[in-house]
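Visitor: Handing you this structure, nothing more for now.
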């Protein structure tokens with residue numbers, strides 16, 4: 001796997017991140033995350049916005065936990081796993097939009 005110095009963070013990337021201090025130990029501290037921040041923000045910010053996988057292992061069929069959305073320092077990113085398919089990214093974007101709309105209306 002590549003180290004964090006070998007790639008630019010892009011929306012749709014799946015990365016392994018150190019989430020120590022953000023999650024309780026029952027979840028573990030090294031988790032797969034999906035970058036959901038746009039590329040312009042990723043280019044200019046030392047932080048990025050991610051959603052955490054609720055699975056315990058690195059696998060192809062990640063399940064994303066929308067209760068676990070964090071802004072994290074890019075220094076927490078440990079290694080590159082892959083990219084999510086663009087149609088899946090659109091589904092995730094729709095889920096996030098619906099979640100934000102329902103919070104706003106509450």
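Please treat every number below as a calculation from the coordinates, not as lab data. The shown structure was predicted, so the numbers you read here are calculated from the model rather than taken from an experiment. Note that each Cβ is placed from the backbone with ideal geometry, even for glycine, and that neighbours are counted across all protein chains shown.
Visitor: Suppose R0 equals 22 Å; then what is the FRET efficiency for residue 10 and residue 30 from their Cβ-Cβ distance, rounded to the nearest 0.05?
Guide: With a Förster radius of 22 Å, E is 0.60.
Visitor: Taking the Cα-to-Cβ direction at residue 97 and at residue 40 and moving 7 Å from each Cα, how far apart do the two end points lie in nm?
Guide: The modelled label-to-label distance comes out at 1.7 nm.
Visitor: Roughly speaking, what is the stretch gain from residue 87 to residue 18, that is 0.36 nm per residue apart minus the C-alpha to C-alpha distance, in nm to one decimal?
Guide: Additional length available on full extension: 22.1 nm.
Visitor: Would you mind ranking 34, 85, 23 so that the residue whose beta carbon has the fewest other beta carbons within 10 Å leads the list? Could you put the intermediate results ahead of the total?
Guide: Numbers: 34 23, 85 10, 23 15.
Exposure proxy ranking, most exposed first: 85, 23, 34.
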